[in-house]
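Okay, so here's the structure we're looking at.
Please treat every number below as a calculation from the coordinates, not as lab data. A quick note: this is a predicted structure, and the numbers were derived from the prediction, not measured. Cβ: placed from backbone, ideal geometry, glycine included. Neighbour counts: every protein chain shown.
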Amino acid sequence: MSETTTDITKEDTQRTQRMKNKILEGIEKFGGNITRACKLAGVAPSSYYRLCDRDQAFKDLAFIKTREAKESRLDELQDSLFEQATGEKPNVIAAIYLSKCYGRTSQDPSRQFNDTPLPEVEQKKPEALPLDGSDNKIKDLLKQYITDLKPAEQSTDTETREPATE
């Protein structure tokens, strides 16, 4: 009975190896799409994930193949966009897309955002405006409110002028 068990184990191992190879082939063919690769191999995606759980070497190889296939597809897409943007009849949309995505990346230091915080500005509510018609009090309150809104880093050398009275 041990011969029969050994034969079955060898056959399962060979069948499993063929399935793994077919999945890897499908990953390359379909640009990293696991579902389509499994369909090519004739197995359900859940079988692929079970194989990955059981065999770390296969999981690592499948991950590498998936990443390479996706990068290859992206390269092909960029080439196609470049041809569309620079061909005899340039496609403006392709050119705009390339200028935004293909040119500079977020790792480019010239495109990174400055994380320096803005100066703190204390938000104050203005005092209630007088209802007795005293224009000077209103002007003083407005001047005070405007100076409170100015950032601390701005030069305070410039004086605020009184509005000309008529």
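How do 101, 52, 38 line up, fewest other C-beta atoms within 10 Å first?
Sorted ascending by nearby Cβ count, the order is 101, 52, 38.
Please rank 96, 23, fewest neighbouring Cβ atoms within 10 Å first, as an exposure proxy.
If I rank by nearby Cβ atoms, fewest first, I get 96, 23.
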